[in-house]
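The values are calculated or read from the model by the stated rules, or taken from the named source; none is laboratory data. In this text the structure is predicted, and so the values were computed from the model without any measurement. Heads up, the Cβs are rebuilt from the backbone with ideal geometry, glycines too, and the neighbour counts pull from every protein chain shown. Only protein heavy atoms, including side chains, enter the accessible area calculation; ligands, DNA and RNA are left aside. Shrake-Rupley method; radii C 1.70, N 1.55, O 1.52, S 1.80 Å.
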Amino acid sequence: MPYKLLFVCLGNICRSPSAENIMNHLIEQAGLSNSIVCDSAGTSSYHIGSPPDRRMSAAAAAQLGIQLRGRARQFVKSDFQEFDLILAMDRDNYDNILALDPTGQYHNKVHLMCEFCTRHNLKEVPDPYYGGIEGFNRVIDLLVDACEGLLQEISKQQLEA
Ligand code: 4NP
């Protein structure tokens with residue numbers, strides 16, 4: 001059974017699709033496509049069915065040469081069972097996810113994405129939606145750092161298992 005990761009932000013058109021696609025890129029480079037699979041979702045319903053924001057896609061293409069694939073969907077309660085690890089982009093996302101788990105049984109599956117950063121000190125991936133292009137570039141930088149740390153952590157855990 002592959003290890004399943006779910007990246008979550010508010011709209012599922014900027015940060016979490018970037019995280020999903022960057023992680024898939026690293027997983028492919030590492031030859032681990034059969035062992036780790038990724039998806040993403042938003043806590044809101046605002047953009048259900050939409051492709052990634054074109055400013056975000058432009059930043060991913062310019063900085064990493066990757067295309068952002070996928071369509072926005074909303075986080076649903078069954079995602080708690082479906083996924084092994086749920087990565088929230090910011091504290092609001094984290095709180096909104098956990099609000100759907102009132103008994104706290106899935107609490108340990110939910111983490112802030114920036115916990116896995118090794119080069120950046122930020123605690124959250126800032127929402128770039130209402131800002132300029134530099135915000136989108138910063139999201140890519142942060143997510144590359146966090147995804148690299150996350151892949152290392154998962155690889156370590158799987159060796160120990
Ligand atoms: P995301 O960015 O959560 O990274 O996908 C946003 C996308 C849309 C909105 C806010 C943030 N919005 O308010 O519509």
(message) So if I place +1 on the C-beta of Lys and Arg and -1 on the C-beta of Asp and Glu, and nothing else carries charge, what would the dipole magnitude of the chain be about its Cα centre? I want it in debye, nearest 20.
(response) 340 debye
(request) When you have a sec, figure out the Kirkwood radius of the chain from all distinct Cα pair distances and drop it here in Å to one decimal? (result) 15.5 Å
(request) Would you mind pulling out the separation of the Cα centroids of segment 1-69 and segment 111-157, in Å? (result) 12 Å
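Grab the DSSP H runs of the chain that are 4 residues or longer, score each as -39,500 (n - 2.57), total them, divide by all residues and round the 222 nm result to the nearest 500 deg cm²/dmol.
-13000 deg cm²/dmol
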(message) Probe radius 1.4 Å, ligands and nucleic acids left out: which of 151, 64, 6 has the largest accessible area, and how do the rest follow?
(response) 64, 151, 6
(message) Can you give me the long-range amide H partners of residue 50? Hydrogens built in the peptide plane at 1.01 Å from N, cutoff under 5 Å, separation of 5 or more residues or another chain.
(response) 72
(message) Give me a comma-separated list of calculated 3J(HN,Hα) values for segment 132-149, in order, Karplus coefficients 6.51, -1.76, 1.60 applied at θ = phi - 60°, integers in Hz, x for any Gly or Pro.
(response) x, 5, 5, x, 5, 5, 5, 4, 4, 3, 5, 6, 4, 4, 5, 5, 5, x
(request) Just subtract the alpha-carbon distance of residue 50 and residue 76 from 0.36 nm times their residue separation and send over the number in nm, one decimal. (result) 7.6 nm
(request) Quick one: among 102, 126, 52, which has the greatest mean-square fluctuation in a GNM of the chain with alpha-carbon springs under 10 angstrom? (result) 102
(message) Shape verdict for segment 4-66, please, from the Cα gyration tensor: rounded (a/c under 1.5), prolate (a/b greater than b/c) or oblate.
(response) oblate
(request) Name the residue, out of 36, 140, 22, whose mean-square fluctuation peaks in a Gaussian network model built on the chain with Cα pairs under 10 Å. (result) 36
